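Data block below; observations after.
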Amino acid sequence: MTIRDTIQSIGSIAWRECIRIASKPIYLFTMVIAPIVSLVFFLSLMRNGLPTDLPIAVVDEDNSSTSRTLIRQLDAFEQTKVAMLTPSFSDARKELQKGTVYGIFYIPEDFEQLASTGKQPKLSYYTNGAYLIAGSLLFRDMKTIATLANASVGLQTGMAKGMTEAELMGQLQPIVIDTHAIGNPWLNYSIYLNNTLLPGVLQLVIFMVTVFSIGSEIKEGSARRWLSMGRQSLGVSVVGKLLPHTVVFTLMGFLFCAVLYGFNSFPLQSGWAPMLVAILFLVMASQAVGVFMIGTLPTLRLGLSFACLFGMIAFSIVGFSYPLPAMDPTLQALGRLFPLRHYFLIYVDQALNGRAIYYSLSEYAWLLGFLVLPFLVGKNLKRALLYFNYIP
């Protein structure tokens, strides 16, 4: 088949696929509506960057001026709101178990008296680990206020003994920590999460649409007609079928970038080009994985199950929620099998840190390497397209 024949075949198959897309509303929903809804949902959900005014319960058994000052200081933190003040720990525990509050700050009896006499009273704080973000933020605030309370008591006790403030500060805080968060100095959860969650949703949708578009040919008995338009070449047939999908998904990815880096002004240290290329490669790599899925399990229901399972695992194994180097070596190797993992590394290096493109070349190569997968299942997929009898 000449180059001209190949181009004509790809064009005719692509036009046929455009007609199929237009005739089935499920394509419009999964390829356009679902990604846009996800974009609006996640950005709206985290529009404030960090959760604020997370409710906690304070158990104040001391009820002194010192404990009340401590409570006011804790309530002044942006992430923390003292929603319940009670002398009963059991009442606070019940509210924590019901999910009304996310943490408990416990001030023991005779706190002021013990602190002023140097007898080291204990401040206790509890968080609900079922709520990871809320629990982590409240733990940080309550630990900070406990540390400040300890320093305040030490300062008052030392000054009562005749020591100067400069002498006391040298003992209370011998090392001053000056923290600078790299890439995301605002500690904005939207920047941290949405730059990976949204491409992850796009990857999942691509898996499912790719499997559905090929699997439906088998189910509907139109696979032979599709192959004949490609002159019995599986490669030409697949390229022609997926070309319209590639265009639509790439535009969706570019829309994500425009909203994230343009409208919301998220960090983009290395400019637009590295991330736009990464999105394009992510789309192509995800389609290649989708072809591999339906080629491995050439029935629509099994292929879609494979796509859903594999796509959902990506959200927890690519390393943006839990660092990949801390996982078991087997899981580390598995994490490399997801295109999203390599897109995430490109995002960190190029958008957040602004490193030279040289350091990301291996991740771009990984994304392109996924294009080999369809060749591994080509014979099995073509056999299924020609001879498989679909069983409802």
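Exactly one residue out of Phe281, Phe344 is farther than 19 Å from Val209 by Cα, open to solvent by less than 70 Å² (accessible area, probe 1.4 Å) and either modelled with pLDDT of 90 or more or of a type outside the set (Gly, Ala, Ser) (or both): that is Phe344.
Of the numbered conditions (1) at pLDDT below 90; (2) of a type outside the set (D, E, K, R); (3) within 29 Å of the chain's Cα centre (by Cα), Pro25 fails exactly one; give the number of that condition. Condition (1) is where Pro25 drops out. If you check Gln97, Gln120, Gln79 for being without any contact (Cβ under 8 Å) to a residue 24 or more places away in the chain and within 29 Å of Leu193 (Cα to Cα), only one passes: Gln97. Pairs are defined by a Cβ separation below 9 Å, a sequence spacing of at least 6 or placement on different chains, a first member in region 351-368 that is under 22 Å from Pro185 (Cβ atoms) and without any contact (Cβ under 8 Å) to a residue 12 or more places away in the chain, and a second member that is open to solvent by less than 80 Å² (accessible area, probe 1.4 Å) and among the small types (Gly, Ala, Ser); the pairs so defined are Ala356/Ser270.
Okay, residues lined up against (1) of a type in the set (Gly, Ala, Ser); (2) loosely packed, with under 13 Cβ neighbours inside 10 Å:
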site	(1), (2)
Ser64	yes, no
Gln73	no, no
Val82	no, no
Lys119	no, yes
Arg140	no, no
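If only residues of region 250-278 that are among the small types (Gly, Ala, Ser) and either within 18 Å of Gly235 (Cα to Cα) or not in a helix (DSSP H, G or I) (or both) are counted, the one that is most open to solvent (accessible area, probe 1.4 Å) is Ser265.
Please determine whether any residue of region 317-325 is loosely packed, with under 15 Cβ neighbours inside 10 Å, of a type outside the set (Ser, Thr, Tyr) and not in a loop (DSSP other than H, G, I, E, B). Taking every residue of region 317-325 in turn, at least one turns out to be loosely packed, with under 15 Cβ neighbours inside 10 Å, of a type outside the set (Ser, Thr, Tyr) and not in a loop (DSSP other than H, G, I, E, B).
Looking at region 9-31, can you tell me whether even one residue there is without any contact (Cβ under 8 Å) to a residue 40 or more places away in the chain and closer than 30 Å to Asn188 by Cβ? No, the conditions are met nowhere in region 9-31.
Just one of the listed residues (Ser265, Ser270, Ser237, Ser228) is in contact with a Leu (Cβ under 8 Å, 6 or more places away or on another chain) and among the polar types (S, T, N, Q), namely Ser237.
The values are calculated or read from the model by the stated rules, or taken from the named source; none is laboratory data. Nothing here was measured: the structure is a model prediction, and the numbers come from that model. FYI the Cβ positions are ideal-geometry reconstructions off the backbone, even for glycines, and counts take in every protein chain you see. Please note that ligands, DNA and RNA were not included when accessible areas were found on the heavy atoms of the full protein model with its side chains. Shrake-Rupley method; radii C 1.70, N 1.55, O 1.52, S 1.80 Å.
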